[in-house]
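The values are calculated or read from the model by the stated rules, or taken from the named source; none is laboratory data. Please read these numbers as outputs of a predicted model, since none were measured by experiment. Heads up, the Cβs are rebuilt from the backbone with ideal geometry, glycines too, and the neighbour counts pull from every protein chain shown. The area values use the complete protein model at the heavy-atom level, side chains included, leaving out ligands, DNA and RNA. Shrake-Rupley method; radii C 1.70, N 1.55, O 1.52, S 1.80 Å.
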Amino acid sequence: MTKPASRLRLLITLSLVGVLFTIGVILVGAWTRLVDAGLGCPDWPGCYGRLVVPDAGRALSHSPDVPLESFKAWIEMIHRYVASTLGLLVIALVLLGMPLRRRAGYPWGVSLALLAVILLQGAFGAFTVTLKLWPQVVTLHLLGGLSVMLMFLWLHLRLRRFASTEAPATPRRALTPLWGLAMVLLLLQLALGGWVSSNYAGIACQGFPTCNGQWWPATDWSEGFHLTQTVGPNYLHGQLHADARTAIHFGHRLGALALGLGLLLLAWRHWHERRLRPWLGALLGAYAVQLGVGVANVLLWLPLWLALLHTAGAVALVVLMALAVWVWREPVAHGERRQRAEKEWAHA
């Protein structure tokens with residue numbers, strides 16, 4: 001095997017590792033948030049001025065007003081350690097890809113974009129602590145984690161295509177407005193989910209399908225979606241009143257309904273395409289499971305394991321949407337088309 005070929009194989013493997021590792025980082029971040037450890041260390045990037053969690057005496061001398069809770073501090077630092085490792089992986093991908101960057105079709109732009117996003121994500125991680133869990137930053141940090149995972153996945157797919165010697169039999173298809181609508185609805189629902197989490201509105205609506213015993217509950221939409229909240233207060237456990245949190249939660253439910261309708265419409269429009277059908281089916285299945293987990297979170301008062309599963313469901317929706325988009329856009333290779341024709345003739 002030639003050196004460029006072995007380098008490309010390593011890049012393909014590392015990009016897939018990046019996808020899986022990012023999923024782990026997202027879940028560790030969700031766990032950190034759910035156990036209220038987001039401010040387990042009052043400073044950044046260290047913890048009470050140290051690279052490891054110090055003892056109570058040193059913590060007290062560094063931040064007298066913030067008593068050390070060792071368990072929460074260690075959770076926060078573990079999250080930082082794994083996130084930093086992810087950053088090193090991105091840098092390795094960029095450095096390994098440099099010798100191939102001038103070759104036609106190599107996804108060098110995707111690699112640089114991934115590096116930029118991971119640096120931005122690190123900045124948001126710092127702002128999450130220094131701005132004391134300001135909901136706007138926390139929500140963007142959550143979306144940033146999903147963006148990093150998505151870019152790792154896209155880089156992996158592009159690298160696999162670059163390594164392929166199969167010539168395309170059809171041109172790449174552009175996204176239609178229906179695909180655009182489905183992706184926008186998913187993005188909005190993810191943002192609403194982050195806003196629910198960062199404002200501690202997960203159980204603001206009690207009961208299902210009604211909310212607090214009503215089909216249209218008392219809500220304060222202007223306060224719930226007031227995006228210029230004051231920077232400065234400690235937002236641990238939230239600052240909004242009950243009706244504002246109800247508006248956020250109820251908005252998330254409405255967003256789930258809109259996303260479900262959008263996915264059903266997308267599946268109905270493209271179900272006849274055999275190559276795309278498994279991915280559309282998986283997307284609808286993941287949505288159904290995610291909906292069930294969301295309802296269970298409300299009825300069971302947001303247990304930790306179920307809340308983590310809900311985060312994992314959001315990750316699954318992003319991955320499956322990306323793969324469905326890839327299958328829709330990418331041309332069929334000559335060899336693949338030939339194999340498909342042979343199977344169709346065999347079953348005729």
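In table form, for the structure just shown:
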{"quantity": "Verdict on Thr85 being of a type outside the set (Gly, Ala, Ser) and modelled with pLDDT under 95", "calculated": "no"}
{"quantity": "Any chance Val184 is open to solvent by 30 Å² or more (accessible area, probe 1.4 Å), in contact (Cβ under 8 Å) with a residue 24 or more places away in the chain and closer than 22 Å to Gly144 by Cβ", "calculated": "no"}
{"quantity": "Matching residues in the range 55-80 - criterion: being in a helix (DSSP H, G or I) and either among the β-branched types (Val, Ile, Thr) or without any contact (Cβ under 8 Å) to a residue 24 or more places away in the chain (or both)", "calculated": "Ala56, Gly57, Arg58, Ala59, Leu60, Ser61, His62, Ser70, Ile75, Ile78"}
{"quantity": "Residues being out of contact with any helix residue (DSSP H, G or I) (no Cβ under 6 Å at 6 or more places or on another chain), open to solvent by less than 70 Å² (accessible area, probe 1.4 Å) and among the aliphatic types (A, V, I, L, M) - total across the range 215-239", "calculated": "1"}
{"quantity": "Within the range 240-273, tally of residues that are in contact (Cβ under 8 Å) with a residue 40 or more places away in the chain and either among the basic types (Lys, Arg) or open to solvent by 50 Å² or more (accessible area, probe 1.4 Å) (or both)", "calculated": "4"}
{"quantity": "The range 163-178 residues that are modelled with pLDDT under 65, paired with ones that are open to solvent by 80 Å² or more (accessible area, probe 1.4 Å) (beta carbon under 6 Å, 6 or more apart)", "calculated": "Ala167/His334; Ala169/His334; Ala169/Arg337"}
{"quantity": "Number of the exception - Phe208 against (1) part of a loop (DSSP other than H, G, I, E, B); (2) surrounded by 19 or more Cβ atoms within 10 Å (Cβ to Cβ); (3) touching a helix residue (DSSP H, G or I) at 6+ places or on another chain (Cβ under 6 Å)", "calculated": "(2)"}
{"quantity": "Residue check for Arg275: farther than 26 Å from Thr32 by Cβ and charged (D, E, K, R)", "calculated": "yes"}
{"quantity": "Checklist (1) aromatic (Phe, Trp, Tyr); (2) touching a residue at least 24 places away in the same chain (Cβ under 8 Å); (3) out of contact with any Ser or Thr (no Cβ under 6 Å at 6 or more places or on another chain) applied to Trp195, failing item", "calculated": "(3)"}
{"quantity": "Which listed residue, of Leu120, Leu140, is part of a helix (DSSP H, G or I), at pLDDT 95 or above and touching a Phe, Trp or Tyr at 6+ places or on another chain (Cβ under 7 Å)", "calculated": "Leu140"}
{"quantity": "1 or more residues more than 23 Å from the chain's Cα centre (by Cα), modelled with pLDDT under 95 and closer than 30 Å to Val19 by Cα: qualifying helices (runs of 4 or more DSSP H) within the range 232-348", "calculated": "334-347"}
{"quantity": "Check on Val52, touching a residue at least 12 places away in the same chain (Cβ under 8 Å), open to solvent by 40 Å² or more (accessible area, probe 1.4 Å), assigned to a loop (DSSP other than H, G, I, E, B) and over 19 Å from Tyr235 (Cβ atoms)", "calculated": "yes"}
{"quantity": "Of residues in the range 192-205 being open to solvent by less than 20 Å² (accessible area, probe 1.4 Å) and of a type outside the set (Gly, Ala, Ser), the one nearest to Leu131 (Cα to Cα)", "calculated": "Asn199"}
{"quantity": "Flag if Gly180 is out of contact with any His (no Cβ under 7 Å at 6 or more places or on another chain), closer than 29 Å to Leu300 by Cα and small (Gly, Ala, Ser)", "calculated": "no"}
{"quantity": "Close pairs from the range 310-331: first more than 17 Å from Leu181 (Cα to Cα), partner open to solvent by 10 Å² or more (accessible area, probe 1.4 Å) and hydroxyl-bearing (Ser, Thr, Tyr), Cβ under 6 Å, at least 6 apart", "calculated": "Pro331/Thr170"}
